[in-house]
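Chemist: This is the structure I want to talk about, given as structure tokens.
The values are calculated or read from the model by the stated rules, or taken from the named source; none is laboratory data. Predicted model, so just to flag it, every value in this text is computed and none were measured. No Cβ is skipped: glycine too gets one built from the backbone with ideal geometry, and neighbour counts run over all protein chains shown. Side chains are part of the model used for accessible areas, which takes the heavy atoms of the whole protein and leaves out ligands, DNA and RNA. Shrake-Rupley method; radii C 1.70, N 1.55, O 1.52, S 1.80 Å.
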Amino acid sequence: MSNLRLPEGFKKTYSEILGNDYQIFEDTLFKDRVKHFRINQHRGIEYLPEIEELGIKCEHLHGLSAVYKVTEGAEKLTETIAFQTGGIYIMNPSSVIPPMILTSLTDQTGLFLDVSAAPGGKTVALADLTENKGRIIANEPSKKRLKSLNYNLEKYGCWSTATISLDGRILDRHYENTFDGILLDAPCSNENKIGRNDTVRNGWDDDLVQRMAKLQREIAQSAWECLAAGGTLVYSTCTFSKEENEFVVRFILENNSDAELIDINKDAYSKGITGDTNIDDKVIRVWPHIQDFDGFFIAAIQKTGKDSRKIKNKKFKPYDKFEKFLNIHENNYRICKGDGTSFIEPLLHDGIKGRFDKSGMQLMKHEKDLTSAAVWEFGNFIKDDFKVAITREEADRYMKGFDLPGKAVNGAAAVFYEGIPVGSVKSVGSSLKNKLDRYFLYGKNIEY
Ligand SMILES: C[S@@+](CC[C@H](N)C(=O)[O-])C[C@H]1O[C@@H](n2cnc3c(N)ncnc32)[C@H](O)[C@@H]1O
């Protein structure tokens, strides 16, 4: 039991809803959460042995794609090469459910919008689950948070993603009737953190809930307009209030005759709390005292009707300078050449426009060297001639920005530790020169 007191209005609301379960719910709100991570699977790299080698113990969570619960050594997670090279994302398991639901209802090659994306946990999962085969537009209005989003997208190899920075309430002015799948992980009153975060606790009142609910209805309606017929909107928050959850869903259903709520609960999770079974039975609620995860709400709404979009995809020639390094014969990407650098972007949905803050992923520098982000992402396809095996100690030194003396190999382009791509290098004299982008060396404190 904590000495800190929750706001009276909060206690009253949730005692009425939860009855006898209220006290255990309140106690759980003050407890630190067990750490979990999700493996970036599409790379096809075995990250677990390296994680376990550091003494970290973890177990797979059944039913949640590639999510592991850390049972020992969580403090060492950020020291792993897997974490530093974008192989694992440390996240709350509930956060994986919205992208899992959206990708289960939308074709992998579809066009996606992530309305409120920073710092990017769900966009990273979305890019991973679609294997970068579609196209994702990730929006974040806060310029500061956009930086974290861009950093994470580069680190985790989300090259099918482009970022924009608009208020969610006006997205429909730019993207009406455009997307196959939309994720709205809305800004909210954050009640889930009310026990553990002083700012959330001190800032909570009924008025905040009402203001957030109004903002959510406005963003949700704008997102709805951006959806193409046949497409799906997944709405989620990490707060408990029905005003910010079921009532936002009800608002969309009442105001749009083409909106149909999909049953994503299927009796597998806790249900809604409004008493309206038409909504409650179909949505998902995750309660921290029941599931040991952060509290979450998720709903999926489909737009009925016939899709009238005309989608054009351009054709691009392969880029042999990049392909010389790789055993890769897919052609679902295109390469754009900038000033001394090249970027990889998806081939599909090339016609989608926007003032992109970032698009695709940096691939090569000066048309000669792979970037480290490219090595992390495409490591599994790099031809043996360009690879050099290094020790754990050398990998740790590399991640700190040091060169590797005495390791030069003619034509070396990438270093690997036990099959994990660690980064890009170049042989200079007898050393392997460290080509890790300074962006990754100095951006480590960025939010994830
Ligand atoms: C719950 S967080 C998103 C977390 C993110 N989806 C993830 O998984 O990492 C909500 C985000 O909404 C953004 N936001 C705030 N006001 C917004 C608005 N008017 N339109 C769109 N997004 C907004 C916040 O800056 C914040 O980054």
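Chemist: What lysines could a cross-link reach from Lys271, if we take a straight Cα to Cα line under 20 Å and drop same-chain neighbours fewer than 8 places away?
Modeler: Those lysines meeting the cut-off are Lys242, Lys282.
Chemist: Note the count of lysine pairs whose C-alpha atoms are less than 22 angstrom apart in the range 1-112, limited to pairs 8 or more residues apart or on different chains.
Modeler: Counting lysine pairs in the range 1-112 gives 10.
Chemist: Can I ask one more? Given a 1.4 Å probe and the protein chains all in place, what does the accessible area of Cys158 round to, in Å² to the nearest 10?
Modeler: About 0 Å², ignoring ligands and nucleic acids.
Chemist: Here's another thing I want to ask about it. Roughly speaking, what is the centre-to-centre gap between the range 128-152 and the range 251-306 when only Cα atoms are used, to the nearest Å?
Modeler: Each part reduced to its Cα centre gives a spacing of 25 Å.
Chemist: How would you rank 166-179, 220-233, highest first, on the average number of other Cβ atoms within 10 Å across their residues?
Modeler: On the way: 166-179: 18.2, 220-233: 21.7.
In decreasing order of mean packing, 166-179, 220-233 become 220-233, 166-179.
Chemist: Could you sort Asp180, Asp384, Asp339 by their accessible area in this structure, using a 1.4 Å probe and putting the largest first? If you can, show how the numbers build up before the last one.
Modeler: Numbers: Asp180 35, Asp384 115, Asp339 155 Å².
The ordering from most to least exposed comes out as Asp339, Asp384, Asp180.
Chemist: Write down the Kirkwood hydrodynamic radius of the range 358-406, to one decimal in angstroms, obtained as one divided by the mean of 1/r over all alpha carbon pairs. All intermediate terms of the calculation are to be shown ahead of the outcome.
Modeler: Details: mean 1/r = 0.0799 Å⁻¹.
Every distinct Cα pair counted, the radius reaches 12.5 Å.
Chemist: Still on this structure: Would you calculate a helix-derived [θ] at 222 nm for the chain, using -39,500 (n - 2.57) for each DSSP H run of n ≥ 4 and dividing by the full residue count, to the nearest 500? Display every interim value, and only then the final one.
Modeler: Details: 17 runs with 134 residues, N = 448.
Value at 222 nm, helices only, nearest 500: -8000 deg cm²/dmol.
Chemist: Put His60, His42, His349 in order of accessible area, largest first, 1.4 Å probe: what do you get?
Modeler: Values: His60 100, His42 50, His349 15 Å².
The most accessible residue leads, giving His60, His42, His349.
Chemist: How do Lys310, Lys122 rank by accessible surface area computed with a 1.4 Å probe, from largest to smallest? Numbers along the way, then the final one.
Modeler: Details: Lys310 185, Lys122 25 Å².
If we order Lys310, Lys122 from most to least accessible, we get Lys310, Lys122.
Chemist: Can you give the accessible area of Ile382 in Å² (nearest 10), computed on protein heavy atoms with a 1.4 Å probe?
Modeler: 10 Å²
Chemist: Still on this model: Taking the chain as a Gaussian network, where each spring joins two C-alpha atoms under 10 Å apart, which residue of Glu377, Glu254, Glu46 fluctuates the most?
Modeler: Looking only at Glu377, Glu254, Glu46, the biggest GNM fluctuation is shown by Glu254.
Chemist: Report the percentage of all Cα-Cα pairs in the range 156-206 whose separation exceeds 18 Å, rounded to a whole percent.
Modeler: Numbers: 707 of 1275 pairs.
When all Cα pairs of the range 156-206 are counted, 55 percent exceed 18 Å.
Chemist: Taking a cut-off of 21 Å between Cα atoms, list the lysines near Lys435, but don't count ones fewer than 8 places away on the same chain.
Modeler: Lys155, Lys321, Lys324, Lys337, Lys365, Lys368, Lys383, Lys387, Lys400, Lys407, Lys426, Lys444
Chemist: Next question. Once fully extended, how much extra length lies between Asp198 and Ser427, figured as 0.36 nm per residue of separation less the alpha-carbon to alpha-carbon distance? Mind dumping the intermediate values first?
Modeler: Values: separation 229, 0.36 × 229 = 82.44 nm, distance 5.13 nm.
Extra length from Asp198 to Ser427 when fully extended: 77.3 nm.
Chemist: Could you tell me what % of all Cα pairs in the range 322-366 have separations over 13 Å? Walk me through the intermediate numbers first.
Modeler: On the way: 608 of 990 pairs.
Percent of Cα pairs beyond 13 Å in the range 322-366: 61.
Chemist: Shape call for the chain from the C-alpha gyration tensor, a ≥ b ≥ c root eigenvalues: rounded (a/c under 1.5), prolate (a/b greater than b/c) or oblate?
Modeler: Numbers: a/c = 2.31, a/b = 1.45, b/c = 1.60.
Oblate shape, in that a/c is at least 1.5 and b/c is the bigger or equal ratio.
Chemist: Treating only the Cβ atoms of Lys and Arg (+1) and Asp and Glu (-1) as charged, compute the dipole magnitude of the chain about its Cα centre; round to the nearest 20 debye. Show your work: numbers first, answer last.
Modeler: Values: 61 positive and 65 negative charges, 347 e Å.
With Lys and Arg at +1 and Asp and Glu at -1, about 1660 debye.
Chemist: Kindly identify the range 1-128 as rounded, prolate or oblate by the Cα gyration tensor criterion: order the square roots of the eigenvalues as a ≥ b ≥ c, call it rounded if a/c is under 1.5, otherwise compare a/b with b/c, prolate if a/b is larger, else oblate.
Modeler: Values: a/c = 2.54, a/b = 1.41, b/c = 1.80.
It comes out oblate by the Cα gyration axes.
Chemist: Turning to a different aspect of this structure: Show me the trypsin sites (Lys or Arg not before Pro) within the range 391-422 that DSSP assigns to loop and that have at most 13 other Cβ atoms within 10 Å of their Cβ.
Modeler: Lys400
Chemist: Tell me, what is the FRET efficiency for Tyr22 and Glu418 to the nearest 0.05, using R0 = 35 angstrom and their Cβ-Cβ distance as r?
Modeler: Numbers: r = 49 Å, r/R0 = 1.40.
Calculated value: 0.10.
Chemist: Here's a follow-up. Going through the range 1-67, which trypsin sites (Lys or Arg not before Pro) have at most 15 other Cβ atoms within 10 Å and a DSSP loop state? Please list the in-between numbers first.
Modeler: Values: sites: Arg5, Lys11, Lys12, Lys31, Arg33, Lys35, Arg38, Arg43, Lys57; in loops: Arg5, Lys31, Arg33, Lys35.
Passing both the DSSP loop test and the Cβ count: Arg5, Lys31, Arg33.
Chemist: How much solvent-accessible surface does Asp281 expose, in Å² to the nearest 10, with a 1.4 Å probe and all protein chains in place?
Modeler: Its accessible surface works out to 60 Å², give or take rounding.
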